[in-house]
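Below you'll find the structure, written out as structure tokens, and then a few comments.
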Amino acid sequence: MVALTAVSSWAADGTASKAAAEKEPPPVSAPAAPHSRDNEILGLREQIARAPDDAVLYVRLGYLLLDADAPAEAKTAFDEALKRNQHSHAAMTGEGILLARAGNLREAEQVLKTALLRNPNPVRTHYELGRVYEASGDLDKALAEYKEGIAKFRQGRK
């Protein structure tokens, strides 16, 4: 956590201090506020209202909702994306993440493997499948998926 401190350029008598008159303090930059994610979610919802058939918007919303710890809403967004594009590997990866978080590791594994069949390049899908294998206790498979994800990342894939 970053602590922010206020610097006053005013003296106790209400006049500007000499130092402040010579030089203003540098602006303070704070980490992105949680409200920025909320604003992005609202913006995506507005975009979806204007373009309700755009599966990519639902996928982006789903991942933001995952990060916001709103799994039920994230699932709805991923389901909507899959209704519009049943081959969306990104939406399937999101569904796999949700299943893994809920403890449904076998089902998560199957969904993530299917996502990789549809697009073998996504680094995130390899990483999430590795996490599923690790949670299942299969460290050899986990390591193989992590290595595959790293290899894809080094190739410039996302």
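The values are calculated or read from the model by the stated rules, or taken from the named source; none is laboratory data. Note that the coordinates shown come from a computational prediction; the quantities given were computed from them, not determined experimentally. Glycine also receives a Cβ, built like all others from the backbone with ideal geometry; neighbour counts cover every protein chain displayed. Accessible surface areas use protein heavy atoms only, side chains included; no ligands, DNA or RNA. Shrake-Rupley method; radii C 1.70, N 1.55, O 1.52, S 1.80 Å.
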- Is it the case that V111 is touching an Asp or Glu at 6+ places or on another chain (Cβ under 6 Å) and within 22 Å of N85 (Cα to Cα)? yes
Per the filter on the range 101-157, residues outside any helix (DSSP H, G or I) and either closer than 20 Å to L65 by Cβ or in contact with a strand residue (DSSP E or B) (Cβ under 8 Å, 6 or more places away or on another chain) (or both) are A102, G103, N104, P122
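Does at least one position in the range 45-63 carry a residue that is open to solvent by 50 Å² or more (accessible area, probe 1.4 Å), more than 20 Å from the chain's Cα centre (by Cα) and within 19 Å of K158 (Cβ to Cβ)? Explain how you work it out, then say what you get.
So in the range 45-63, the residues open to solvent by 50 Å² or more (accessible area, probe 1.4 Å) come out as 45-47, 49-50, 52-54, 56, 60.
Filter again for more than 20 Å from the chain's Cα centre (by Cα), leaving 49-50, 52-53.
Subsequent filtering for residues that are within 19 Å of K158 (Cβ to Cβ) retains none.
The answer is no, given that none of the residues of the range 45-63 is open to solvent by 50 Å² or more (accessible area, probe 1.4 Å), more than 20 Å from the chain's Cα centre (by Cα) and within 19 Å of K158 (Cβ to Cβ).
Count, please, the residues in the range 121-136 that happen to be surrounded by fewer than 17 Cβ atoms within 10 Å (Cβ to Cβ) and modelled with pLDDT of 95 or more. Lay out the reasoning, then the answer.
Residues of the range 121-136 surrounded by fewer than 17 Cβ atoms within 10 Å (Cβ to Cβ): 121, 134-136.
Restricting the remaining residues to those that are modelled with pLDDT of 95 or more gives 134-136.
Residues in the range 121-136 being surrounded by fewer than 17 Cβ atoms within 10 Å (Cβ to Cβ) and modelled with pLDDT of 95 or more: 3 in total.
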Flag for L139 being open to solvent by 30 Å² or more (accessible area, probe 1.4 Å), of a type in the set (A, V, I, L, M), within 21 Å of the chain's Cα centre (by Cα) and over 23 Å from R60 (Cβ atoms): no
